[in-house]
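Notes for the one structure printed next.
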Amino acid sequence: MKIGLALGGGDGESLDQAVDRIVTAERDGFAAAWLANIFSLDALTVLALAGQKTERIELGTAVVPTYPRHPHALAQQAATVGVATGGRLALGIGRSHQVVIETMFGLSYDSPITHMREYITALKQLMNDGRCELAGKLYNINAPLTIKEPAPPGIFVGALMPKMLRLCGQLCEGTLTWMSGPGYISKTIVPEMRKAAEESGREMPRVVCSLPVCVTDDVDEAKKTAAKLFVTYGQLPVYRACLDAEGAEGPADIALIGDEATVKAGLERAADAGASDFYAAVFPAGRDREASMQRSYECLAGLGGKV
């Protein structure tokens, strides 16, 4: 299982700082850096700049919301970033959440499966074939895209529920999970995707798993911190369903918290469940937040990019 880092959405940091964190992650041996695209720096722009200063590390978005962006606009931007990164871009997309799309952006959140199927189809046609001819229920697109090099980015979807997982297995290079433990991965995510992939004559896509991580000797304090930091995720319906399936009361119960051996064992459980990749959302705990973050970072970096 490859080990990468979840580097957040750029909140509170400059563009130079965001790029430097990716450069450092490559230097320290991480296999991938995944950036959220929320309410701060544009993730694809950051990755394009980081691609000019790195050579090896996979550069991914986790995730770019689809509803606010026309498929052609995102395909054009992603293909351009693919060129800037020498083909190292992993394009992670997702629907976001109803409260964001409808309440904050004022857009419709209807027909999620149809929306995502047509959206992925358009992206693949544009980036793979250079032209999209799609007469769908939601999108009618007849347009070219003439960015041909290098190979187009793989498409990953933030998919957790069965219907979206099956779509992922049929069409995508992988799924990006969050707040999903080894039980849910092994019992739902992997079987749904494998069945859909086999029926479509495709290889099993990647399962890219992410959980909060804190390497510490003060487990109780770290769990209290996790409960506060990630409380929102225990309230959003899709993550709540994953937590319930895992028998977890809240996000703190599914986070990887403990000393180096404990956290490594948690990573191994994710790998055994079927995760092909893991991107760690490192969080601080205790009085010395910087020291806490550094210990977690060093533990993960010491794994050499895989477990």
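Quick notes on this one:
- Residues (surrounded by fewer than 17 Cβ atoms within 10 Å (Cβ to Cβ) and among the aliphatic types (A, V, I, L, M)) located in region 66-82: 73
- Residues of region 1-40 that are closer than 22 Å to residue 96 by Cβ, in contact with a strand residue (DSSP E or B) (Cβ under 9 Å, 6 or more places away or on another chain) and assigned to a loop (DSSP other than H, G, I, E, B): 7, 8, 9, 10, 36, 37, 38.
- Filtered residues of region 56-84 (kept if touching a Lys or Arg at 6+ places or on another chain (Cβ under 9 Å) and free of Cβ contacts under 8 Å to residues at least 60 places away in the same chain): 56, 57, 58, 59, 65, 66, 67, 77
- Scoring residue 54 on the criteria (1) hydroxyl-bearing (Ser, Thr, Tyr); (2) in contact with a helix residue (DSSP H, G or I) (Cβ under 6 Å, 6 or more places away or on another chain); (3) on the phi > 0 side of the Ramachandran plot leaves a single failure, condition (3).
One line per residue, one yes/no per condition, for (1) within 15 Å of residue 93 (Cβ to Cβ); (2) over 18 Å from the mean Cα position of the chain (by Cα); (3) free of Cβ contacts under 8 Å to residues at least 12 places away in the same chain:
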| position | (1), (2), (3) |
| --- | --- |
| 132 | no, yes, no |
| 149 | no, yes, no |
| 160 | yes, no, no |
| 166 | no, no, no |
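- Taking the criterion of being buried (at least 18 other Cβ atoms within 10 Å of the Cβ), part of a helix (DSSP H, G or I) and of a type outside the set (Val, Ile, Thr), the residues of region 85-126 that qualify are 115, 116, 117, 118, 119, 122, 123, 125, 126.
- Of everything in region 205-236 that is surrounded by fewer than 18 Cβ atoms within 10 Å (Cβ to Cβ) and touching a residue at least 12 places away in the same chain (Cβ under 8 Å), the residue that is nearest to residue 170 (Cα to Cα) is 236.
- Positions within region 127-167 being of a type in the set (Lys, Arg) and outside any helix (DSSP H, G or I), in sequence order: 131, 137, 148
- Qualifying residue in region 193-203 (condition: touching a strand residue (DSSP E or B) at 6+ places or on another chain (Cβ under 7 Å) and touching a residue at least 40 places away in the same chain (Cβ under 8 Å)): no
- For region 174-284, the helices (runs of 4 or more DSSP H) that sit wholly inside it and include 1 or more residues that are farther than 16 Å from residue 162 by Cβ are 219-229, 237-246, 260-273.
- Search result, residues across region 1-23 that are β-branched (Val, Ile, Thr) and closer than 22 Å to residue 267 by Cα: 3, 22
- Any chance residue 59 is in contact with a strand residue (DSSP E or B) (Cβ under 8 Å, 6 or more places away or on another chain), assigned to a strand (DSSP E or B) and of a type outside the set (Gly, Ala, Ser): yes
FYI, it's all coordinate maths here, none of it is from the lab. Model, not experiment: these values are computed from the prediction. Don't worry about glycine lacking a Cβ; one is built from the backbone with ideal geometry, like all the others, and counts go over all protein chains shown.
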